[in-house]
Each structure stands twice: as structure tokens, then as C-alpha cells.
1. How high is the relative contact order of the chain, given as a whole-number percent (alpha carbon pairs under 8 Å, six or more residues apart)?
2. So between Glu358 and Arg240, what do we pick up on full extension, going 0.36 nm a residue minus the alpha carbon distance?
3. How big, in percent, is the set of alpha carbon pairs in the stretch 28-149 lying more than 17 Å apart?
4. May I ask for the distance between the Cα centers of the stretch 189-243 and the stretch 322-380, given as a whole number of Å?
5. Helix by helix through the chain, keep the DSSP H runs that span 24 Å or more along the axis on Cα and average at least 1.0 on Kyte-Doolittle, and give those back in order.
6. Quick one: net charge around Gly252, please, counting Lys, Arg +1 and Asp, Glu -1 for every other residue with C-beta under 14 Å from its C-beta.
7. Of Lys239/Lys273; Lys105/Lys239; Lys38/Lys239; Lys105/Lys273; Lys239/Lys339, which ones are farther than 30 Å apart at the Cα?
8. Below 15 angstrom from the Cβ of Pro280, what's the summed charge of the other residues (Lys, Arg +1; Asp, Glu -1)?
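Nothing in this text is a laboratory measurement; each read-out follows from the coordinates by a stated rule. Predicted model, so just to flag it, every value in this text is computed and none were measured. Reconstructed Cβ throughout: ideal geometry from the backbone, glycine too, with neighbour counts over all protein chains shown.
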Amino acid sequence: MTALAPQSFQKADRPVLRERGQREVFCGLTRIVWLHRKLQDAFFLVVGSRTCAHLIQSAAGVMIFAEPRFATAIIEDRDLAGMADAEAELDRVVEQLLERRPDIKLLFLVGSCPSEVIKLDLSRSAHRLSRQYHPQVRVLNYSGSGIETTFTQGEDACLEALVGALETAPADAEADLLVVGALPDVVEGQFARLLSALGIRNVGFLPSRSADSLPRIGSSTRFLLAQPFLATTAAALEKRGATRIAALFPIGVEGTTGWLTAAARAFGIDGAKMIEVLTPPAQRARNALAAWRSVLEGKSLFFFPDSQLEVPLARMLCRELGMRAIEIGTPYLHREHLKEELELLPDSALLSEGQDVERQLDRCRAARPDITVCGLVPRDNQGETRRQSG
Ligand code: SF4
């Protein structure tokens, strides 16, 4: 292995290669597989084609014993040809579903490419059905269509819809912190414990685990994004009067410590308390990463755009594990939300936004990275990319 020169780091105004060619990404429907595990009394009803149904089923795997909490209302040729009343058909499907599943408290009607093509107005359906099934079931809608979005934007659209359903906190409510973005339960529990140990009393999570425990929102709310792909959710929260706490994203020791520290500062927690609470877990995390550093240090890295997690992941892999990023591709770069992250990226890496997949594959082949991180790659190039990455 060749020894590498230390990387230098530069400010957030670095140049970005913007590409608007053919993209290879998963559509927003696939995020349902993750979200339905978090929102435990919610059901996701995709209004789509057989293709949409197959995609979700193959992404989720086969559930033989569990009652699934997602399904597809298939748009048939008759609907596409305008020969059937799609709204009446949807009402019938919802009625059958809610009769059979009284445990559902929150129903998402999820739009898809086909429902957008026939211009089915799911927001109108959601309003109508919400009135009909109130107060047992709340019905919301969002789009998971792959026409313009990537898979993590499916979560963004879902959480934006949830923000619209949150109650407003009174103007004189005590300051509260809202952590925004679906996290694994174990991570959510750790963050809740650490934030409480820091002395932040009112902490909520969006999404919450049940429809009954949705947080309230208002000008007393400060929110921390736990994921970097929640631009429209953040805008919806700000419109409701909440204030975003600017921070690194909680990936790696540096990111997680920075994220928790930003929350502590926003709530006036003193520095001694932060050191007392955050130093032991940070040291444990450093120890856990040490073994990976010996494997990954000096290895080169190429990110294809997939999830918008690429920038914080690259920051962590370069700064904490000594990897060398060649290209950091991201589907969409939100400069304001990523400001703190961009300050810490190695200036030797090319930052690219969007995709022209063939040109990017050419750059990847020429760079011959040790590790390539990608979502979808055209079939003809899979073997090639694997060979280069191996
Ligand atoms: S890309 Fe469109 S048609 Fe294909 S599965 Fe996703 S929503 Fe359905």
C-alpha cells in the first residue's frame, strides 16, 4: 500500500460538477420498507401499477407470517384509459382495508408514476377519506413517484405530509427539541438518553412510533435533522414556526458529537456538562472504529449518487478512517443543510451533483478506486464495477 500525503481541507464554497443526464436511482416507494417499521400503527397504500407492487415486494422480501403494513391498489388498464372512476375504486379498497385492519390509525395514500400520469388527485382523496374515518383513522398522502425523485426523498415527502398533521404548540410552550428523520430504534433510544443526560427535557422524534404520540410543533420548537435528505420536511417545519439547529449529521464520532453539541448549545447547556456526558461514548466509539481504520486507511473511495448521505459518509470515512475520496456524487446538494459538512470535506475530492451515468462510469473506470459505493448500476457495467472495486 502506498503512503498517502495528508489531505487538506477547504471551505464550503468549493466548486461542484453538476450533471443532468441519465440517472440510475431507486424511486421513493422503496423507502416504505423502512418507514413502515418505524410508524407502527401506520399503513402505506401505494396507488400504482403492478411494477410498483413488484418493486416494493422485492425490496421488502416475502412476509409469510406477519401482516404487512403496506400494499398496492393496482391501477388497471381501465383506470388508465379513463373508463373507471378511480376515486370510487380507491374508496372501495380503503373501506375493505380498514374493515379488515382496525389496528390502522394512520393511512398514507402513496402516489406513484402511474397515479401522477392519470392525474389522480390523492390529496383530495386523503381529505375526503380523513373526514369519513375521523377520529379512528387519519388519512394523509404523499408522492413516492420515481419520475423526479430518489429513494430517500420518499421519506422526505412522507415526513412533510406528517408535519401537516401535527398539532400546533401554544405560543408560551416550553422550548422543545424535535429530532427529525427515521432512526433505528436502538439509535433513537441512545440519542434520547444522551439528550436527557445533557439536560434537554422536552425531546420528540419525527416520525414517532405511533399516531397517538405525534409531537406538537410551533415557535418554541427547535429541530435537528438526523438525516441530510429532508429538505422539504425542514421547510415545512420552518413554515410552522420551528427553527433548525445547524449541525453536522450524526455519522461517525465527529458528526455525532458535533450534532449533540449543537443541540446542547442551542439549549444553553454548559461546556463542562457536554464534556462529562459526551466524552465516554465518544471514546468508546473511537475504540470501536480503530479496527476498521487499520483495514480502510489509505484506500480510495468513489461515491455514485444515491441517497444524499454521501457527503457526511465521505466526511466520516476520510477524517476518521483515513480513506481517500476521489469523487463524492450526490443526487442533490443542499448547501445550507450541508454547510458544516462541506467545510470538512477533503479538497482533493471531486464533488458532483446529479448524474450522467455513462460519464460517471467513465470517470470511475479511469480512477480505479479501491471501493465504489453505488445504488443501481446498468447491468452491462455491474461486473466491470465490481472488478474495479474489489
Ligand atoms: S419508478 Fe414509478 S412506476 Fe416504477 S416502481 Fe417507482 S413509482 Fe412505480
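1. Numbers: 687 pairs, mean separation 78.1, N = 390.
It comes to 20 percent, rounded to a whole number.
2. Numbers: separation 118, 0.36 × 118 = 42.48 nm, distance 4.21 nm.
Length difference between fully extended and current span is 38.3 nm.
3. Working: 3946 of 7381 pairs.
Distances greater than 17 Å cover 53 percent of the Cα pairs.
4. Between the Cα centres of the stretch 189-243 and the stretch 322-380 lies a distance of 30 Å.
5. Working: long enough: 271-296 (35 Å, 0.12).
Length and hydropathy pass: none found.
6. Numbers: positive: Arg284, Arg286, Arg293, Arg315, Arg319; negative: Glu254, Glu310, Glu320, Glu340, Glu341.
Every neighbour counted, the sum reads 0.
7. Values: Lys239/Lys273 33 Å; Lys105/Lys239 26 Å; Lys38/Lys239 25 Å; Lys105/Lys273 40 Å; Lys239/Lys339 21 Å.
Cα-Cα > 30 Å for Lys239/Lys273; Lys105/Lys273; rest within.
8. On the way: positive: Arg193, Lys273, Arg284, Arg286; negative: Glu276.
Net of charged neighbours comes to +3.
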